[in-house]
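The values are calculated or read from the model by the stated rules, or taken from the named source; none is laboratory data. It should be emphasised that the depicted structure is a prediction, and the values quoted were computed from it without experimental measurement. Note that we place each Cβ from the backbone using ideal geometry, even for glycine, and neighbour counts take in every protein chain shown.
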Amino acid sequence: MAADRYILLVEDNPNEETLTLHALRENGITNAVVVARDGVEALDFLFGDDSQRRPPSARLPAVIVMDLKLPRIDGFELVRRIRAHERSSLIPLVILTGSHDPNDIREAYRLGANSYVLKPLELGRFVMVIGLLARYWLNLNQTAHTDSGY
């Protein structure tokens, strides 16, 4: 995996954050992960002067992995704002959530999510799913903003 490609993880639950980071390590994923604990932190990271948190060789994340149920700015509004801004409109965006609600799925895609993945409840399956997601989005997927100068 290209070492300069990193993940922006937007997750407010500390246990699920720890579990996701553990699953990445278990799968041998060594790329940097920047964690935002709510929608406001994610927007500050993407659009604010938060350059000290960004890995030096990469300005935009290779993928944003985010929950829907977030404090301050919920996941739907976060997707809306990310897609509305030219700087971030093409960043791959994966919803990783426990919501099975068909309305949530439809709305996430309507707003511009690239993928909607249900969080597995069983640890082994969760580790496997996170590994598959990371390998696909960091290794196989080609992003439109790779050479955009951002």
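For the reader, a short list of remarks on this structure follows.
- Within the stretch 67-108, if we keep just the residues that are acidic (Asp, Glu) and free of Cβ contacts under 8 Å to residues at least 24 places away in the same chain, the residue that is surrounded by the most Cβ atoms within 10 Å (Cβ to Cβ) turns out to be Asp101.
Residues are listed down the side, and each one gets a yes or a no for (1) closer than 18 Å to Gly39 by Cβ; (2) under 14 Å from the mean Cα position of the chain (by Cα):
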{"site": "Glu77", "(1), (2)": "yes, no"}
{"site": "Ser88", "(1), (2)": "yes, yes"}
{"site": "Val94", "(1), (2)": "yes, yes"}
{"site": "Asp101", "(1), (2)": "no, no"}
{"site": "Gly112", "(1), (2)": "yes, yes"}
{"site": "Ser115", "(1), (2)": "no, yes"}
{"site": "Arg125", "(1), (2)": "no, no"}
{"site": "Ala134", "(1), (2)": "no, yes"}
{"site": "Asn139", "(1), (2)": "no, no"}
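- Residue match in the stretch 44-52 (condition: of a type in the set (Ser, Thr, Tyr), farther than 20 Å from Ala134 by Cα and surrounded by fewer than 17 Cβ atoms within 10 Å (Cβ to Cβ)): yes
- All conditions in (1) out of contact with any Phe, Trp or Tyr (no Cβ under 8 Å at 6 or more places or on another chain); (2) buried (at least 19 other Cβ atoms within 10 Å of the Cβ) hold for Leu111, with the sole exception of (1).
- Looking only at the stretch 1-29, and only at residues there that are surrounded by 19 or more Cβ atoms within 10 Å (Cβ to Cβ) and modelled with pLDDT under 95, the one that is nearest to the chain's Cα centre (by Cα): Tyr6
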